[in-house]
Every structure is written in C-alpha cells, then in structure tokens.
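Participant: Handing you a structure now.
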There are 2 protein chains.
Amino acid sequence: MDETASTEAPRPNLAAVAALAGVSASTASLAFSGAGPVSDATKAKVLAAAAQLNYAGPDPRGQSLRRGRSGIVGVVLEDSVSEAFRDPMNIATLDGISDAIGPSGSALLLLTDNAEGPSSFRSVPIDAVVLIGCSTRLADAVHVFAQRGVPIVGIETEPMPSVLAVDLDNRLASRRLAEHLRDLGHRDVTMVTLSLDAPHARGWATPEWEARSEGYTASQRIAGVRDVFPASSAFVSSASTVDEGYRAALEVLASSERPTAIVAQSDLLAVGVIRAAQELGLAVPNDLSVVGFDGVRLDGIAPIDLTTMVQPAFAKGRAAGEGVLALLAGEAPAGQLFDSEFHLGATTAPPQSARTAHH
Amino acid sequence: MDETASTEAPRPNLAAVAALAGVSASTASLAFSGAGPVSDATKAKVLAAAAQLNYAGPDPRGQSLRRGRSGIVGVVLEDSVSEAFRDPMNIATLDGISDAIGPSGSALLLLTDNAEGPSSFRSVPIDAVVLIGCSTRLADAVHVFAQRGVPIVGIETEPMPSVLAVDLDNRLASRRLAEHLRDLGHRDVTMVTLSLDAPHARGWATPEWEARSEGYTASQRIAGVRDVFPASSAFVSSASTVDEGYRAALEVLASSERPTAIVAQSDLLAVGVIRAAQELGLAVPNDLSVVGFDGVRLDGIAPIDLTTMVQPAFAKGRAAGEGVLALLAGEAPAGQLFDSEFHLGATTAPPQSARTAHH
DNA sequence: CGATTCGATCGAATCGTTTCGACTAAAGTA
DNA sequence: TACTTTAGTCGAAACGATTCGATCGAATCG
C-alpha cells in the first residue's frame, strides 16, 4: 500500500474520506450514520476509504454543533468528588441517573460546585443537567442553563421555576421519626443535621444561621422535627460521615442538658453518634435513642439495626434520568415526590425517665 | 422595554448580539473571550446587547468545534457507576484526577465499560481519557481514541503503546506481603483476588482462567505472591467489597486444607475475610493471618488495624491528571510508577504450628 | 511636521458534520 | 409506451463560534 506523500498527517476528514471513496460528503455521512438509504456497495467503499485513511468516524465536535446535541448530561454535585461520593446516597442516585440515561447513549459529566471554577458550568456542552441536592447559591448557574435552553432537573433542590423537581418527603419523614420518639415518651430531642452552607461550618444552629441556610434538605428535615418538638436544638455537622456524627455527638452529649434522643439527618451521622455514645458509656437505646435517615445498607460499616427512614435513592436517580430524557424529547413531565419508609430498628426505646416512672 | 416582534424566539447568536451592538461578530467574540484588545465602551455595548437578547454567552458546541477542544476529560471505569464507586480507591483516584485537571477548567466525563453501550465511547467529545484499572478488552476503545488523537492515560492498565502509564508496584508490593508471611513462618497461603474478568465470575482460579485474565492488577498481585509461594492457590472474588471477602473466605476456610494465612487483594476483601474467620471461630491473627491491600481508612468500617500495603491512590489520580494536562500541552511526559508502603498491623502472626514448635 | 507604532475593529476563512431539497436512473404500473 | 414511484446520490446551506491578516485612526517619537 502506498503511503500518501503529504509530509504532515492532518487528521482525516469526512470530506477526505468521501473524496477518496469517490462519493460526496453527504453520502459518506449517511454511510456512517446509517440514516437514509445508501447502497451496500457505496457503504463498503466509504468504509474502505475510512480504513485506508485511518479515519475513526465522524468527529463528535462537528456532530454536536450540527445536531445541537452532545450526548452529555451534566450532574452537579455539591462538593468535591471525594466528598460527594463519601455519601452512599449520592452514589445510589448517580447510579440511578446513569441507569436511566445509559440506554439513550448519553454519558454523565461530573460538575462540582466548589467555589474555584464556576467557569466550567458555562463552557461545557451539555444537553441537560441534574442538580443533586445543591444549595441555593446555584441560582445563577440555574439561570445560565435556563437561558441556554438546557433542561434542568433538581433532586431535592429548593423549588425553582424551570427546574423539574424530583423530591423526597423530607419534612414529613422527619416528622414521622420525631413522632416515633415522642410516642416512646421522649421530650428532649436534639438534632445532628447535614451541612447548612457551602463553607461546611460546624456548630450549634442559631436562628440566623438556619434562616440563611443554603441546605434545602437539611432545613426541611429540621422543620419536620420541629413540627413535633418545636424547641429542639440542632447541631450542624459539616458532612454526612460517621466521623462527623461522632464529633457532633461528643458536643451534644457534653452539653449541660443532655437529650434523651438524637435525630441524626443521615445514617452515617447516626452511626457516628452511636459510636460516641458508647464511648461515653451511654447504652443505645437504653440511655440514648438514636434515629438516622436514608436506609443505607450498613452491612459493611457497622452491625447496627438503625431506626431510620428508608429512602429510594436509586429510584430518585432513575426518575431524574427519565425526567431528563422526557425534557429532551420535548415533553413536559411532572415533578415527582418520593416517599420514605419508616424502619423500626433497635436503636430507639423509651427514655430512662419514662421507664423509671413506669416502675 | 419593547419586546422584539419576532413571533418565535430562536436562541440568540453571537452574530445576533454583534448586530444589535453594532459591531462585528469577531469583536463580539473578543468581548466575551477577553483575548485581544477591546475598548471598554464596545465591551459594554456588547454585554448590554447580550443582556437584552438574553444571550447566555458563546455556545460551547461552536467553541469546541472551532477550538478543537471541548474541555472534557473522559474517565473510563470498569463497571457500572455504583460498582466502581463502592471501592474507595476508585473514588480517591477520581478525586486526584479531578484535583489535577480542575484548575484547567476541564470537567470529568464518566464512561462506564459495561457491555451495553460502547457506542458512547465513539460519540463523545473528549480531549483526553483516563482508563482506571480497565481490563484488556478495552483494546479496541483504546484504538479508537488513539486514531482520533485523543491522549490516553492508563492507571494500572496493561502496558500498551500510545497509553501513558500510571502504575503501581503491584507485583513487588504483593511479594513484600508474602515475604512478611513467609518470615512469620507461614507455608500455606491462599489468596482472595480481585475480579479477573468482565462477567465477574467467582470461584477457585484455574491455570486457564488465570491465563486469560483481563484483570491486570489482579494478575500482577497474584504473580507477586507466587514469587514467594509458587504453589499458593487463589479464590477469585467478583468485586472488591467486604461482602465478597466474606463469601470468599467462607469457601477458602471450608476447604479441606485450610491455609494459615490469607492474602486478600484489597482491604475491603480483607475485612470480609476477617469477619468470616471470626464467624467460624477462628481468631485473627492467632488462628489465621490476614493481609490486605490499599491502605483504605477503615475508621468508619471496622476497628481493625490491618497489615497491608498502603498505596497512594490520590497521588496516582493526580499524576494521571497531570499526565493528561501534559499530553494536551503537547509534551511527552514519562509514565509513572508509584510505590506502596508496608504497614504492619495486628492481623498477622506466626502460624499455630510455628508457635507450638517453638515451645 | 512626517514617520512609526499601537490599539481597536472588521472581513473572511475555517472547524467537521448533518440535512433538506433536488436530481437521476431504474423499477413498477396502467 | 407513458407515467408514477422509489432508491441512491449529490450540492449547498446551515450549526456557532474563533482567529489571522488587513485596515484605519490616533497617538508617540524624532
């Protein structure tokens, strides 16, 4: 085979392939895309020419410009990659999204919402975007996407126009947990919450702090507990991890008026809380009741049967993915609200006082 | 403000903005990109026109065609999203990549190598790609990327031309662990390995199976142990999880000739192995020595001080990311080989026989 | 005051593909 | 045989931006 004498080797073109095959560029395009009628003979010629020129197929950049679609769905996570994926709920959600949009041939673009580079939001060719539990401060990003006509799906994000909501009954579910504790006789309940803001500060919640909260989920869950225990205080953790739960509980349990129950806003936090309690010599649930949230499989983490609300994270992700597909198809799908299910575990019991009073 | 009378509202163009602002398209482009000299007055005019037309800035699709860069780096994971992210090493690696390429304004595109859709590999506009521990069967994908001139970095992938290698001393490190066991007096060692192939089969390794292994890392680690214990057998797990380690160990420890030590190819597997051993009434390390691999922080998982090789997963990711940047800059960076560090934990001890012989 | 530089702007070409409408020739129909 | 269908192919016009070289004043320098 004779090597083409051109000194440089510019990457071959669809036009070049077409020229070599002796057909027009449009026919060559048809040969590759399969849309439209092309005789087997010409298709073979085109493919042969492509092979000879070492052509790898139509350039996605040209395609996406012309077709107006890049085949990429953005996913905005609240934090850095490692922080976001430390939470099993996020992984399950992402898996659900991936599962839903995978068959359409789209891929997922990870966008992280750390302060440094909001630039990438503007400069990335995505067909749609899913916000996973993102804080309010994403409002401007949302605006940019909307301006551009990029469909937006928000999972547990503050309701916004032009954002298709996939939501969870956070407030109701938290109220349900609180009612469970109230029914057991608890009166003195403290929360350990998810992060309220981007800097991920840690400490006792103040009314001002709660008021300017950027964490929609956290706020909803606080509200649910307050529906039952209006005066309950909240310690804000900086992330949904076992370690953060542990740190939070050390502070909570060291405070002068120790609660009889702790409502942790995630199972990982709850595990940390339990660990701290045990370390302080408090038996769970006898000396302290603990509830979580999420229904994470704790198999690999701790042999604890946690009282918690089990939420369908994978299904939420799937719904978001399906929402994306529907929006891209030009439909106008309705938002979805998912329910969590109460799971009675072995980490809640009547408080000491109730039991002694009973005797 | 008067609404433009056009009945439809086609998304505005850079050209449209330029026209409204009374400048040429090239000047408008300059106004947005910041490259090239533009007077403050015209820039203001252009921005005002953009605001009036509700223009969100240059369309990334047009940009990427013209500039030849999309600002997207692909990451190919071996499995589905959830499977891949169950392994903390992958997360740490991904975090490292993200950390390295983030400042360049690039984002990460998740590509999963499940059988269904290899289509997305071909049709996605990426500037470079990182393969994370991918199996040999990706050879054709690699070929496509190479054809297209997409730089490729492979983390612990079988060496291939046109793939920049970021590797780990898997064989050496495994040998190191084996030597540790040998020095303690062990003679009878069994491995619990990572997956050898895509279907993720589980069971005792046979020579044929090992020969057609698609798992480069697993094979290297097997080889390292065999350097010391040539006859050691291996039980192949289907994933790097606690649960898989548990299942594998149940089989291994049920076999007629029970080993005195188990070399697990990951810390998660090791935790599962230990759990199984304890359940069978075997004390670790007295009745059974167990070593892992990775140096995962087990804080949240199990209170075990595991004897293991600590590998720099984040640094590996960073190196891969830097490799990508270098390749994109037209440089010819050298591959990197990372070392793991031996950590002596509390899960290894001389075997029973040696101890009784000593007395 | 003439020559030179420099800042600001514009035109035109280009990136690589898809797709719409038109055209040709062969095949089917009356 | 004349007419309609249809498969196969082609030309040309987008898609939306960037960038190179040229142009044209104004300002600086000797």
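Participant: Kindly indicate whether B:Pro103 is within 13 Å of DNA strand C (Cβ to nearest atom), closer than 30 Å to A:Asp79 by Cα and either within 22 Å of the chain's Cα centre (by Cα) or not in a loop (DSSP other than H, G, I, E, B) (or both).
Facilitator: On the way: within 13 Å of DNA strand C (Cβ to nearest atom): no; closer than 30 Å to A:Asp79 by Cα: yes; either within 22 Å of the chain's Cα centre (by Cα) or not in a loop (DSSP other than H, G, I, E, B) (or both): yes.
For B:Pro103, the condition - within 13 Å of DNA strand C (Cβ to nearest atom), closer than 30 Å to A:Asp79 by Cα and either within 22 Å of the chain's Cα centre (by Cα) or not in a loop (DSSP other than H, G, I, E, B) (or both) - is not met.
Participant: Condition first: open to solvent by 50 Å² or more (accessible area, probe 1.4 Å) and not aliphatic (A, V, I, L, M). Now tell me which residues in the range B:8-33 satisfy that.
Facilitator: Those that are open to solvent by 50 Å² or more (accessible area, probe 1.4 Å) and not aliphatic (A, V, I, L, M): B:Glu8, B:Pro10, B:Arg11, B:Asn13, B:Gly22, B:Ser24, B:Ser26, B:Phe32, B:Ser33.
Participant: Now for a separate question. Of the numbered conditions (1) modelled with pLDDT of 95 or more; (2) assigned to a helix (DSSP H, G or I); (3) within 16 Å of DNA strand C (Cβ to nearest atom), A:Pro58 satisfies every one except a single condition; which is it?
Facilitator: Every listed condition holds for A:Pro58 apart from (2).
Participant: Is it the case that B:Leu196 is away from chain A (no Cβ under 14 Å), closer than 27 Å to B:Glu251 by Cα and open to solvent by less than 20 Å² (accessible area, probe 1.4 Å)?
Facilitator: It is true that B:Leu196 is away from chain A (no Cβ under 14 Å), closer than 27 Å to B:Glu251 by Cα and open to solvent by less than 20 Å² (accessible area, probe 1.4 Å).
Table: residues versus (1) among the hydrophobic types (A, V, I, L, M, F, W, C); (2) under 12 Å from A:Gln265 (Cβ atoms); (3) modelled with pLDDT of 95 or more.
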site	(1), (2), (3)
A:Ser195	no, yes, no
A:Ala201	yes, no, no
A:Pro207	no, no, yes
A:Glu214	no, no, no
A:Ser219	no, yes, yes
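Participant: Being free of Cβ contacts under 8 Å to residues at least 40 places away in the same chain, within 16 Å of DNA strand C (Cβ to nearest atom) and either closer than 27 Å to B:Gln63 by Cβ or touching a helix residue (DSSP H, G or I) at 6+ places or on another chain (Cβ under 6 Å) (or both) narrows it down to one of A:Val46, A:Val81, so name that one.
Facilitator: A:Val46
Participant: While we're on this one: Before we move on, is A:Ala178 open to solvent by less than 20 Å² (accessible area, probe 1.4 Å), in contact with a helix residue (DSSP H, G or I) (Cβ under 8 Å, 6 or more places away or on another chain) and at pLDDT 95 or above?
Facilitator: In short, yes.
Participant: Another one. Restricting to the range B:254-276, count the residues that are more than 16 Å from B:Ile304 (Cβ to Cβ) and either within 14 Å of chain A (Cβ to nearest Cβ) or modelled with pLDDT under 95 (or both).
Facilitator: Residues that pass the stated criteria total 5.
Participant: Can you tell which of B:Val129, B:Val124 is within 12 Å of the chain's Cα centre (by Cα), in the same structural domain as B:Leu327 (by TED's automatic domain parsing) and under 20 Å from A:Ser123 (Cβ atoms)?
Facilitator: Details: B:Val124 fails: within 12 Å of the chain's Cα centre (by Cα).
Being within 12 Å of the chain's Cα centre (by Cα), in the same structural domain as B:Leu327 (by TED's automatic domain parsing) and under 20 Å from A:Ser123 (Cβ atoms) holds for just one of B:Val129, B:Val124, which is B:Val129.
Participant: Which of the residues that make up the range A:64-93 are part of a loop (DSSP other than H, G, I, E, B) and within 16 Å of DNA strand D (Cβ to nearest atom)?
Facilitator: Within the range A:64-93, A:Gly68, A:Arg69, A:Ser70, A:Gly71 meet the criteria.
Participant: Test of understanding: among B:Leu172, B:Leu184, B:Leu168, which residue is surrounded by 22 or more Cβ atoms within 10 Å (Cβ to Cβ) and aliphatic (A, V, I, L, M)?
Facilitator: B:Leu168
Participant: Name, by its number, the condition in (1) over 24 Å from A:Glu210 (Cα atoms); (2) modelled with pLDDT under 90; (3) polar (S, T, N, Q); (4) buried (at least 17 other Cβ atoms within 10 Å of the Cβ) that does not hold for A:Ser135.
Facilitator: (1) is the only condition that A:Ser135 fails.
Participant: So in the range A:145-160, with the set limited to residues that are open to solvent by less than 10 Å² (accessible area, probe 1.4 Å) and within 14 Å of chain B (Cβ to nearest Cβ), which one is modelled with the highest pLDDT?
Facilitator: Here the answer is A:Ile152.
Participant: For the range B:34-63: of the residues being within 12 Å of DNA strand D (Cβ to nearest atom) and of a type in the set (A, V, I, L, M, F, W, C), which is surrounded by the fewest Cβ atoms within 10 Å (Cβ to Cβ)?
Facilitator: Among them, the one singled out is B:Ala35.
Participant: Let me ask you something else. Only one of (1) within 11 Å of DNA strand C (Cβ to nearest atom); (2) of a type outside the set (D, E, K, R); (3) over 30 Å from A:Gly323 (Cβ atoms) fails for A:Ala51. Which number is that?
Facilitator: (1)
Participant: Taking the range B:25-39, which residues are over 19 Å from B:Ala56 (Cβ atoms) and either more than 6 Å from DNA strand C (Cβ to nearest atom) or assigned to a loop (DSSP other than H, G, I, E, B) (or both)?
Facilitator: Residues satisfying the conditions are B:Ala35, B:Gly36, B:Pro37, B:Val38, B:Ser39.
Participant: I would also like to ask the following. Scanning the range B:64-105 for residues that are closer than 30 Å to B:Val46 by Cα and at the interface with another protein chain (Cβ under 7 Å from one of its Cβ atoms), which turns out most open to solvent (accessible area, probe 1.4 Å)?
Facilitator: Step by step, filter the range B:64-105, then rank; the result is B:Leu65.
Participant: All but one of (1) closer than 20 Å to A:Leu65 by Cβ; (2) within 16 Å of DNA strand D (Cβ to nearest atom); (3) open to solvent by less than 10 Å² (accessible area, probe 1.4 Å) hold for B:Val124, so report the exception by its number.
Facilitator: Looking at each condition in turn, B:Val124 falls short on (2).
Participant: Give me a count of the residues in the range A:230-254 that are open to solvent by less than 20 Å² (accessible area, probe 1.4 Å) and farther than 25 Å from A:Glu83 by Cβ.
Facilitator: Residues that pass the stated criteria total 2.
Participant: Looking at the range B:260-357, what strands (runs of 3 or more DSSP E) fall wholly within it and have at least 3 residues that are open to solvent by less than 30 Å² (accessible area, probe 1.4 Å) and in the same structural domain as B:Ser219 (by TED's automatic domain parsing)?
Facilitator: Here the list reads B:261-264, B:289-291.
The values are calculated or read from the model by the stated rules, or taken from the named source; none is laboratory data. Source: prediction; values computed, not measured. Quick reminder, even Gly has a Cβ in these numbers, built from the backbone with ideal geometry, and neighbours come from all protein chains shown. In case anyone asks, the SASA skips ligands and DNA or RNA and just uses the protein heavy atoms, side chains included. Shrake-Rupley method; radii C 1.70, N 1.55, O 1.52, S 1.80 Å.
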